[in-house]
Amino acid sequence: MLYETINIEVNQCVGTLTTYILDNSVEIDQDRTRPLVIVCPGGGYRFVSDREAEPIAVQLNAMGFHAAILRYTVYPAMFPIAITQLAKAVACVRENAAKWHVQSDKIIVAGFSAGGHLAASLGTLWNEAFLEEMMQMPKENYRPNGLILSYPVITSGEFAHRDSFVALLQERYDELIDSMSLENRVTENTPPAFLWHTFEDSLVPVENSLFFAKSLNAKKIPFELHVYPKGGHGLSLATEETRSMYDKGPLQSECQNWITMAGNWIRNL
């Protein structure tokens, strides 16, 4: 395995991209290429959750995918630092696709909660002029090929997780809040998406995923959506391994199959 940490710097804000690149074997197929998933953990744009980082990458490796974890810069850094770091991460993977044996047309960004907002932001805004100006390279270099959105923050309206937007936008809140409601930013250029949420999520309501799926459908962008009836916010893999120390409720083991379904979605992308 190629395990290394690469600095991703934007305006003196340094995030890191940690790779989990599977080795090829002459015993199996030394020329094998695989999809790669860049994981964006959640944390309300105030921290980056360990529960939604390495455990996800390890599971993706177990299913035969390359993975990388983006620990993006959060508060007091503000928009567009994190989205530019994610764009640079995608460009880095695409630049190294041959060396890392990555399928360059299957570079997927996966986000959890506020990390889901980050992933969906790149998915909807990758061809915007502000990002092209920040990146100074062809847009196709940092366009993701798919989105995996786990209980994502999407809308800035009635069902918003308001604290995420406050941390992301800060003094630009009034200026940018409407434009950060990503269900309104979906276009024909948004990549396909896999989404899952729980009906009982009281922190980031299920409407966030429903609104995004509705917008994808309106633009005829393929998507897969799963809503589980039980479970609170931030389940990660819904296992004991990833359970929050503050979660004293029952383990929502029925949600554990989301990553298997996401793996099948990646294979069919």
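Things to note:
- Single unsatisfied condition, GLU158 versus (1) of a type in the set (D, E, K, R); (2) in a loop (DSSP other than H, G, I, E, B); (3) under 27 Å from ARG32 (Cβ atoms): (3)
- Answer residue from segment 21-55, given it is hydroxyl-bearing (Ser, Thr, Tyr) and farther than 15 Å from LYS99 by Cβ and is surrounded by the fewest Cβ atoms within 10 Å (Cβ to Cβ) among those: SER25
- Taking (1) surrounded by 20 or more Cβ atoms within 10 Å (Cβ to Cβ); (2) in a loop (DSSP other than H, G, I, E, B) in turn, MET78 satisfies each apart from (1).
- Verdict on PHE212 being within 30 Å of SER104 (Cα to Cα), in contact with a Pro (Cβ under 8 Å, 6 or more places away or on another chain), surrounded by 16 or more Cβ atoms within 10 Å (Cβ to Cβ) and modelled with pLDDT of 95 or more: yes
- Cβ pairs under 7 Å, 6+ apart, first in segment 170-182 and farther than 19 Å from GLY111 by Cβ and at pLDDT 95 or above, second in a loop (DSSP other than H, G, I, E, B) and aliphatic (A, V, I, L, M): GLN170/MET78; ARG172/MET78
Residue by residue, here is whether (1) in contact with a Phe, Trp or Tyr (Cβ under 6 Å, 6 or more places away or on another chain); (2) within 27 Å of LEU235 (Cβ to Cβ); (3) in contact (Cβ under 8 Å) with a residue 40 or more places away in the chain holds:
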residue	(1), (2), (3)
ASP29	no, no, no
THR33	no, no, yes
CYS40	no, yes, yes
ASP50	no, yes, no
ALA57	yes, yes, no
MET63	no, yes, yes
HIS66	no, yes, yes
VAL109	no, yes, yes
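- Whenever a residue of segment 245-260 is at positive phi, it has no partner that is small (Gly, Ala, Ser) lying with C-beta atoms less than 6 angstrom away and at least six residues away or across chains.
The values are calculated or read from the model by the stated rules, or taken from the named source; none is laboratory data. Source: prediction; values computed, not measured. When we count neighbours, we look across all protein chains shown, and the Cβ atoms used for this are built from the backbone with ideal geometry, even at glycine.
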